[in-house]
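Trainee: Take a look at the following structure, please.
The values are calculated or read from the model by the stated rules, or taken from the named source; none is laboratory data. If you're wondering where the values come from, they're calculated on a predicted model, not measured in any experiment. Cβ: placed from backbone, ideal geometry, glycine included. Neighbour counts: every protein chain shown. Remember, those area values only see protein heavy atoms, side chains included, never the ligands or the DNA or RNA. Shrake-Rupley method; radii C 1.70, N 1.55, O 1.52, S 1.80 Å.
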Amino acid sequence: MDVIWPVLPDFLVGARNTIFYCLAAFPLALILGLLLALMDDSRFIWLRNPARIFIEVVRGTPIVAQIFIVYYGLGALLASLHPSWALWINNWTAGIGTLALNYAAYEAEIYRAGFQSVEKGQEEAALSLGLTPSQNFFRIQLPQAIPLMIPPFVNDFIYLLKDSAVISVIAGTELTSVLNFFVRKNASNPMPFFLLAIVLYLLMSLPVSYVAKRLERRLRAAL
Amino acid sequence: MNLESEQVPINGNVSPQDLAPVEGDIIIRTENLNKYFGDKHVLKDIHFEVRRREVVALIGPSGSGKSTLIRCLNALEKADSGDIYIHGERLNPNLSVKQLSPIRRELGMVFQNFHLFPHMTVLQNVIEAPLLVRKLSKEQAVALGESLLAKVGLLEKRDVYPSRLSGGQKQRVAIARALAMQPRALLFDEPTSALDPELVGEVLKVMKDLAYEGSTMVVVTHEMQFARDVSDRVVFMSDGSIVEEGDPDELFRHPKEKRTQHFLERVLSVLP
């Protein structure tokens, strides 16, 4: 315990930043994911193909590689276009951006599955009443698909909490980078720090999974 | 003249057939309609016409193209060739969904499996399209919805979700929902086929009332008694073609075509 108290404030800052990263990245991932799902479902091949390629590339490559590409690759690219643009890429933007892009690919699949599980007849009923495609989408399809999508979304948010540790490789300050710092400083006795980090991760993810379980039960009961 | 013929008071003694068949009275017409599912020719040169206030029963064996025909009328299926006119206006199947919307609302559709919106109450199901498409005010829509629910005998279910209704009640709500758009004609796609036998009667009763009020209806059905008692004209389809059509009594008693005879023998022999 004596080793824990002095470092606790630093770890709490790390945990707080982890939450910040996730709270910023996840809504972006939800919006981008919906966009990708709609592109993937489009009649136009020039919308469908880029979406499909993006989804497959993101899901088929490690997130560590992706964050390096965004942080160093995109940074260098922007710098070559205009020197001041390189300033746009920092720990925060690269971290949030990578997490959002990575998770967008997974959320797109959840949207897709959600829309597919809405019965086909719903669209026919809506169209035969004269509803336009956007009215059908927002009034008929989306409200029926969302309850099915919420449990997997919440689940993905828990994965995101843990995956945000990848930001430590570009020296962003979050829980895992704080952990790394103190482990290196106290290489002879790192175990208390590992345990502290694990407890903090659990304290963040357990409430979310508790809410997810309750939501899932409620939604099941409603169906 | 059209206008004058519309003014003719319809009393109980005048059947729709006695009215002058002017052009404006044709609600639905198809010419040379063809439809393929892959290699399968499911609609073969269909000429089909429905006049205002007419009740047409479409009968025939499963897979004969009856449902496909009425789904083409609403552009839920795209015909491969031929023309469809809804109240004189040609239905171009290549229009976008958005452009089809004003034409589709001219015809109300009642599905075999109801397809009520499960996330809306009964009343919301009925008033959704009037609010969004006809742009009625909330008060107007609710008044309309309540009167239609009263008509199908389900006003007390207005705030209930569809999952709480029996099949017969669901179908009656679906009929009210279609009526709420005040379509020129109602299309029924086997409206009682998904129902338990004891629930069929309540749905047929509502449809009968509509028919007697003078609604224009096209009913794909296996209910031969209904076809015989309620319809003005029966159309028998088999293998993608209209084989025979005519007055219900005449067609049921003296079918001219071999295929009609066979079909009727088969379905009528199982009737009590």
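Trainee: Determine, from the Cβ-Cβ distance of residue B:265 and residue B:213 and an R0 of 22 Å, the FRET efficiency 1/(1 + (r/R0)^6), rounded to the nearest 0.05.
Mentor: Efficiency, from the Cβ-Cβ distance: 0.05.
Trainee: In the protein assembly as shown, what percentage of the DSSP-assigned beta bridges are antiparallel, given to the nearest 5?
Mentor: 55 percent
Trainee: For the pair residue A:119 and residue A:56, how long in nm is the line joining their label points, each one 7 Å along Cα→Cβ?
Mentor: 3.5 nm
Trainee: With a 1.4 Å probe and all protein chains left in place, how much of the accessible area of the stretch B:26-269 comes from carbon and sulfur atoms, in whole percent?
Mentor: C and S atoms contribute 45 percent here.
Trainee: Under the classification rounded if a/c is under 1.5, otherwise prolate if a/b is larger than b/c and oblate if not, where does the stretch B:26-269 fall, given a ≥ b ≥ c as square roots of the Cα gyration tensor eigenvalues?
Mentor: oblate
Trainee: Sorted by packing (mean other beta-carbon atoms within 10 Å per residue), highest first, where do B:56-66, A:106-116 land?
Mentor: The densest-packed peptide leads the list: B:56-66, A:106-116.
Trainee: A follow-up question, please. When only alpha-carbon atoms count, how far does the stretch B:167-211 stretch along each of its three principal axes, as whole angstroms with the largest first?
Mentor: The Cα atoms of the stretch B:167-211 stretch 30, 17, 15 Å along their principal axes.
Trainee: Using the structure shown, select from B:66/B:205; A:120/B:98; A:120/B:170 the pairs with a Cα to Cα distance greater than 20 angstrom.
Mentor: Over 20 Å apart, Cα to Cα: B:66/B:205.
Trainee: Can you give the accessible area buried between chains B and A, summed over both chains, with a 1.4 Å probe, in Å² to the nearest 100?
Mentor: Approximately 1800 Å² gets buried when B meets A.
Trainee: Return the sequence-ordered ³J(HN,Hα) values of the stretch B:44-58 in whole Hz as given by the Karplus equation 6.51 cos²θ - 1.76 cosθ + 1.60 applied to θ = phi - 60°, using x for Gly and Pro.
Mentor: Taking θ as phi minus 60°, the curve returns 10, 6, 7, 10, 8, 9, 10, 8, 4, 6, 8, 10, 10, 9, 9 Hz for the stretch B:44-58.
Trainee: Then there's this: For residue B:208, tell me the accessible area in Å² from a 1.4 Å probe, rounded to the nearest 10.
Mentor: Accessible area, nearest 10 Å²: 70 Å².
Trainee: Give me the distance in nm between label points sitting 7 Å out from Cα along the Cα-to-Cβ direction at residue B:36 and residue A:76, one decimal.
Mentor: Those two pseudo-labels are separated by 5.5 nm.
Trainee: Another question, then. Across the residues of B:121-133, average count of Cβ atoms on other protein chains within 10 Å?
Mentor: For peptide B:121-133, the averaged partner shielding equals 3.
Trainee: Given Cβ point charges of +1 (Lys, Arg) and -1 (Asp, Glu) and nothing else, what value in debye, to the nearest 20, does the dipole of the stretch A:7-221 about its Cα centre take?
Mentor: 340 debye
Trainee: Accessible area of chain A with a 1.4 Å probe: how many percent of it is carbon plus sulfur?
Mentor: 69 percent
Trainee: While we're looking at this one, here's another question. May I ask for the angle, rounded to the nearest 10°, between helix B:167-179 and the longest principal axis of chain B, with both axes built from Cα atoms and the value confined to 0 to 90°?
Mentor: 90 degrees
Trainee: In addition: If I ignore ligands, DNA and RNA and count only protein heavy atoms, how much of residue B:207 is accessible to a 1.4 Å probe, in Å² to the nearest 10?
Mentor: The accessible area of residue B:207 comes to roughly 0 Å².
Trainee: Next question, about the same structure. For residue A:181, tell me the accessible area in Å² from a 1.4 Å probe, rounded to the nearest 10.
Mentor: For residue A:181, the solvent-accessible surface is approximately 100 Å².
Trainee: Take the Cβ-Cβ distance between residue A:188 and residue A:13 as r, set R0 to 22 Å, and report the resulting FRET efficiency rounded to the nearest 0.05.
Mentor: 0.35
Trainee: Provide a whole-number value for the mean count of partner chain Cβ atoms within 10 Å of the Cβ atoms in peptide B:97-105.
Mentor: Averaged over the peptide's residues, the number is 4.
Trainee: For labels at residue B:62 and residue B:83 in the simple 7 Å Cα→Cβ model, what's the distance in nm?
Mentor: 3.7 nm
Trainee: What accessible area per residue comes out for chain A, rounded to a whole number of Å², with a 1.4 Å probe?
Mentor: 54 Å²
Trainee: Quick one: which residues, 5 or more positions from residue B:244 or on another chain, have an amide H under 5 Å from its amide H? H modelled 1.01 Å from N in the peptide plane, none for Pro or chain starts.
Mentor: Here B:236 satisfy the definition.
Trainee: Another question, then. Can you give the FRET efficiency to the nearest 0.05 for residue A:49 and residue B:166, using r as the Cβ-Cβ distance and R₀ = 45 Å?
Mentor: 0.45
Trainee: Further question: When a/c is below 1.5 the answer is rounded, else prolate if a/b is larger than b/c, else oblate, so apply that to chain A with a ≥ b ≥ c taken from the square roots of the Cα gyration tensor eigenvalues.
Mentor: oblate
Trainee: While we're on this one: Just the accessible area per residue of the stretch B:122-205, please: how many Å² with a 1.4 Å probe?
Mentor: Result: 42 Å² per residue.
Trainee: Sort A:189-201, A:93-105 by the packing proxy (mean of other Cβ within 10 Å over each peptide's residues), most packed first.
Mentor: A:93-105, A:189-201
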